[in-house]
Amino acid sequence: MTEPFDLDAYRQHIEGEVETTLSLARTPRDFMLGMQRICDVAEQTLAENMDAAERRHIACAAGCGTCCVVNVAVLFPEAASIVAYVQQTLDVAERESLTQRLETVYRKVQWLDDEERIVLRQPCAFLSDQGLCGIYPVRPLICRSMTSTDPEDCREAIALKSLGEEKTVQVNLFQKTLMDTTFLAVGSGLRKRNLDGRSAKLTVAVKALLDSPRALQHFLDGGAVPAG
């Protein structure tokens, strides 16, 4: 008989990773490497505890992007990791184009709640016209938690939401629970280091860091994450 997964022990392990990696971060690249280590732990844990049959039921694939119209919460280290990745992989022209897209999306979604964002159907600033994620290697934990067994269910759920109706989308519960727990454990680990463990909207947090390099030092000094 397979032993049940010890979620509490996993949460404590992630908090320990925050202690040994993120607590030492001082630059966006440091945060990228620290978050990469934590995400590697999460992905490896997922691979070890999800059998082949479960994996085959997940229909999510590059080119879909249906769920990329929802508000995504990120912790500050995740935003810093994304900024480092953008700075490392994009040339000057590509960064300028991204900055313009972020500004456009920011103005549209800054004050929208989750339901309002879905009704608007504004795609993520990092989603290409081909439905590809431009930051996939450093995508947020909340994005990693999202799965679906049928892309048509996702499209119907988004469409019905704008009409005030609900449709259930079947997801892989273990993957969602694991990634959500990772997210909460990173936040908890930050608070134990007297850093702000609250989340912000993806667009808001990344834009704040790109607009003002001092935002990083503000966070390291114990300041609050950007709210809007």
Sum of side-chain charges, G65 neighbourhood, beta-carbon under 13 Å (Lys, Arg +1; Asp, Glu -1):
+2
Restricting to DSSP loop positions (anything but H, G, I, E, B) with no more than 15 other Cβ atoms inside 10 Å of their own Cβ, which trypsin sites (Lys or Arg not before Pro) remain in the stretch 11-59?
R26
Counting Lys and Arg as +1 and Asp and Glu as -1, what is the net charge of the other residues whose Cβ lies under 15 Å from the Cβ of L120?
+2
Which loop chymotrypsin sites (Phe, Trp or Tyr not before Pro) in the stretch 88-149, with loop taken from DSSP, have no more than 13 other Cβ atoms within 10 angstrom of their Cβ?
W111
Among T168, T203, T147, the residue whose Cα sits farthest towards the positive end of the charge dipole of the stretch 121-206 (+1 at Cβ of Lys and Arg, -1 at Cβ of Asp and Glu, taken about the Cα centre) is T203
For the stretch 8-220, with equal point scatterers placed on the C-alpha atoms only and solvent neglected, what are the log10 I(q)/I(0) values from the Debye formula at q = 0.09, 0.10, 0.13 1/Å, to two decimals?
-0.36, -0.44, -0.77
Per the helix-only model, the chain has a calculated mean residue ellipticity at 222 nm (DSSP H runs of ≥4, -39500 (n - 2.57) each, divided over all residues, rounded to the nearest 500) of -18500 deg cm²/dmol
Efficiency of FRET between D91 and E43 - r from beta-carbon atoms, R0 41 angstrom, step 0.05:
0.90
Within the set of other residues whose C-beta is less than 11 Å from the C-beta of S23, count the net charge using Lys and Arg as +1 and Asp and Glu as -1.
-1
Using DSSP to define loop residues, name the trypsin sites (Lys or Arg not before Pro) in the stretch 74-121 whose beta-carbon has at most 16 other beta-carbon atoms within 10 Å.
R121
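Readers should treat all values here as calculations from the given coordinates under stated rules, not as data from a laboratory. Because the structure is a prediction, the values reported are computed rather than measured. Backbone-built Cβ (ideal geometry, glycine too); neighbour counts: all protein chains shown.
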